[in-house]
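Colleague: This is the structure I have questions about; it appears just below.
The numbers here are math on the coordinates, done by the rules we state, and not lab data. Please read these numbers as outputs of a predicted model, since none were measured by experiment. Ideal geometry is used to build each Cβ from the backbone, glycine not excepted, and the neighbour counts take in all protein chains shown.
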Amino acid sequence: MKKINGSSAVLRIVAAFLLAPTVLLGCELELDDKDSRSVVAGFNATDLTISGQATSFEVNHEFSFGDGAVITATFSDESTKTLSASDVSVSFFSETDKSYFTDFTNAKANDTVVVSIRYKSGSVTCECQYEVNITNAVKSIEIKSVDKSYIYNPGALDFAADNAIVDAFSYKVTATYEDGATNDNFAANCTFAAKSDKSGVIATYNDITAEYSFENVKNAVSAFTVASGTSIGESDCSTSWIPSENAEIPVGKTLVAKFHNKGSGAKQWNNFLVEFFIAGGSGMTLRADNFGWDYAGEGTASTDIAYEGITKTTTVTDWDAWNALVKDSDVVVTAENDGDKLTITCTSTTAGLEDWEQKYEIPFLTDTAKTGPINLHFNVDGSYLVFD
């Protein structure tokens, strides 16, 4: 806050403001010759102070004396008065353009505006000033995507519950400003609420809203019980076959898990493993390096799933180079149970592995597999996993 005392500053401020346009809020202020002369004894106001003033406004803001600022005049007898709009005059100065203006809506984005408030008491004009930063106003927002790359706790996502819809997903929101600039990381500035029919979510920033439909993510529901920060194995990769807790994947649901994989680097199979089972013990073990086996207990091949029907896709052409990257990587695993098959996809967000995808499609052959829930867990073989 800047303040100028009446008796010592009139000569300094009047010269400048005689040339500046003045906004009169409910009163008429005359700047005549006697206002430019030295102040003599007998003036009333000695000081003008401001508190509670705003420090920033968005572009196109309509300035009002009621924007939160409280202007107080102090008089020679030490009494004070809280001033109203009819008591003062206001002018604006652009630090960028070095010019005065009278309409605050003309302030430009990223400018700093000096707001000068003046109060005339007798032959004395007192003034106080404060600075306001002009921010680029948000014109619109858009929910671009939903991040499903983490593990949901049992029952955490109930599409009939507002708080579950809001809490279970991480949203990416893009804001577009008045000057056309965009901000792709705007979600933290928004609030989120479920739509009334529970079909999606509404993001709100001030009075600006955007909607997002859940049609493409409703199956991203997991009963995986490993909490964030839980680890499997030892950090020095000295242990093998230490499974996580089981996750149940009902028909029509998809498990989504994200973890950091740390492999020993010794062999390409010394990384994460995904294992699933159906009623009766039939299941499969799938390694990160496109290798796996099925069984029905005691080493017997399963008759509930089609091993030969597995489809494996990956961009890996050099396994040594792949192993050097995947042994310290961030991995996302999805497992979708559509009732006819289980589709498991592994991808990575680690630099150099962005295009890596490992995909297994395991057809179900019996009603036991088609109707029963799939139980899935993660395992290690000379590796170490830490879940997000």
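Colleague: If amide H atoms are built 1.01 Å from N in the plane of the peptide, which residues on other chains or at least 5 residues away come under 5 Å of the amide H of K195?
Modeller: Here G200, V201, I202 satisfy the definition.
Colleague: Next question. Listed here are the pairs K139/K172; K262/K359; K139/K258; K195/K341; which of them are more than 29 Å apart at the Cα?
Modeller: Distance filter (> 29 Å) returns K139/K258; K195/K341.
Colleague: Just flag the trypsin sites (Lys or Arg not before Pro) in segment 89-124 sitting in loop per DSSP whose Cβ has no more than 10 other Cβ atoms within 10 Å.
Modeller: K98
Colleague: Please work out the C-alpha center-to-center distance from segment 233-260 to segment 346-388 and express it in whole Å.
Modeller: After rounding, the separation between the Cα centres reads 9 Å.
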